[in-house]
Protein chains: 2
Amino acid sequence: MTKAENTRSGILRRAFSLIYQKGYQATSIDDILVDSPVTKGAFFYHFKNKEEMGLAMIQEIMYPGMYDVLVTPLNNSTNPVEELYLMMHNLLLKSPFFQVKYGCPAVNLIEEMAPLNEAFKQALSKLILQWQKAIITNVNNGKNTGSIKPDVNAEQVACFITAGYGGVRNIGKLLGTACYHSYLHELKKYLNQLQ
Amino acid sequence: MTKAENTRSGILRRAFSLIYQKGYQATSIDDILVDSPVTKGAFFYHFKNKEEMGLAMIQEIMYPGMYDVLVTPLNNSTNPVEELYLMMHNLLLKSPFFQVKYGCPAVNLIEEMAPLNEAFKQALSKLILQWQKAIITNVNNGKNTGSIKPDVNAEQVACFITAGYGGVRNIGKLLGTACYHSYLHELKKYLNQLQ
DNA sequence: CATAAAAGATACTACTTGGTATGTTTTACG
DNA sequence: CGTAAAACATACCAAGTAGTATCTTTTATG
């Protein structure tokens, strides 16, 4: 990685961390640059404006991160229902970067920016559609191998699961990890009923 | 209602509408007052600062609204499972004020403010705990009358349902009403499994 | 009506924000 | 090495922000 690439990705990583904790609009460019070797000149050399930086952050930080944690594990699974539960379990309880009080970076950004900015909305849509697609494939695998009932609608299941995730990240901000465990418990019941 | 009470609640109602669409931090006091007969002097006569106005908005606008739509209908119900589904159905599809692209005011505010402001977090916790309490009572009614299985954990169910709601409001911002219907379909399956 | 307090209006300030203008340094490459 | 472009640094600005100081009007009450 060249020095220039390094400053660019440094900006994005730091922006990601701050935006995760404070929100996109509440995180100023100065916030991103303070206590950092990078200056405003470098920032605006690499990004036309704050919006382009935000979109780059989604594509270069959030999208790959999501793909590794959510899509890859689902693709090569033997037991679909078990794998879906594990995905959620690991996502909620085993992601070292995530903090309960700050929720999920993607959910936060959707909540804040989807209604305000069409470009953000498009970029974030791709993100969760990719996740839903992986779940759909997984469910259809289960239907093909007979471990999931044939009348199950994979698209609806994917929507239900991704929605539940976003919601529990939201409530977790208020009630802490306890509701993660409640959610997982009921999710298991829901998933079993698909079998 | 006296004239003063009217200006006060006028500020709160207008703040609620704008904050619903733009977020709390992105809504300036000037935004709230522009195209309105109320001036800044009146605003700061009625509220010590923006934070107190926001807290008053939660208590005087959001809390009563939530109570009417979510708690009251659940309290006097004959068929708990059916009532829970109807609550969600009406909430998602029959609330005239809500718009898919803007989600739910309470969910939005939790997402944005819970990690940033302890007073907001407390006020919003009361809000959703009240809702969860109503669901718990409802489920326990069902357990007592035999329409819900005795091994069902009411607290967990409440958590699961409220989480699902918040999440589908989030995803709805990206994917529109289609996912509301998907969610409702799967929610019904989940609820039936409690019987 | 008188008057004190409540309610509201106006003008201002200190500070933050995204962005720019203009400079200097570093790097790639013939 | 020389030089042009890439990469970065510094100083600044116009717009917007929450909040204040100070004044005027309205309202309730004896």
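A short reminder: the numbers here are calculations on the coordinates, not readings from a lab. As the structure is a prediction and not an experimental result, all values here were calculated from the model. All Cβ positions, even for glycine, are placed from backbone atoms using ideal geometry, and neighbour counts span all protein chains on display.
When segment A:165-195 is limited to residues that are among the polar types (S, T, N, Q) and more than 7 Å from every other protein chain (Cβ to nearest Cβ), the one that is farthest from A:Glu111 (Cα to Cα) turns out to be A:Gln195. For segment B:87-103, residues that are facing another protein chain (nearest Cβ under 10 Å) and surrounded by 22 or more Cβ atoms within 10 Å (Cβ to Cβ) total 1.
Can you find even one residue in segment B:121-132 that is outside any loop (DSSP other than H, G, I, E, B), buried (at least 24 other Cβ atoms within 10 Å of the Cβ) and more than 7 Å from chain A (Cβ to nearest Cβ)? Within segment B:121-132 (the criterion being outside any loop (DSSP other than H, G, I, E, B), buried (at least 24 other Cβ atoms within 10 Å of the Cβ) and more than 7 Å from chain A (Cβ to nearest Cβ)), the answer is no, since none of the residues qualifies. There is at least one residue in segment A:161-180 that is part of a helix (DSSP H, G or I), within 13 Å of B:His185 (Cβ to Cβ) and free of Cβ contacts under 8 Å to residues at least 40 places away in the same chain. Within segment B:139-156, the residues that satisfy the criterion of being surrounded by 15 or more Cβ atoms within 10 Å (Cβ to Cβ) and in a loop (DSSP other than H, G, I, E, B) are B:Ser147, B:Ile148, B:Val152, B:Asn153.
Looking only at residues in segment B:1-47 that are among the hydroxyl-bearing types (Ser, Thr, Tyr) and away from every other protein chain (no Cβ under 14 Å), the one that is farthest from A:Leu116 (Cα to Cα) is B:Thr2. Criterion first (on the phi < 0 side of the Ramachandran plot and part of a helix (DSSP H, G or I)) does A:Leu191 satisfy it? So A:Leu191 fits the description; yes. Is segment B:134-156 home to any residue that is closer than 22 Å to A:Val107 by Cα and more than 7 Å from chain A (Cβ to nearest Cβ)? For segment B:134-156, residues closer than 22 Å to A:Val107 by Cα and more than 7 Å from chain A (Cβ to nearest Cβ): absent. Summed over segment A:48-61, the residues that are away from DNA strand D (no atom under 14 Å from the Cβ) and within 14 Å of chain B (Cβ to nearest Cβ) give a count of 1.
Selection of segment B:5-25 for residues being without any contact (Cβ under 8 Å) to a residue 12 or more places away in the chain and within 11 Å of DNA strand C (Cβ to nearest atom) yields B:Glu5, B:Asn6.
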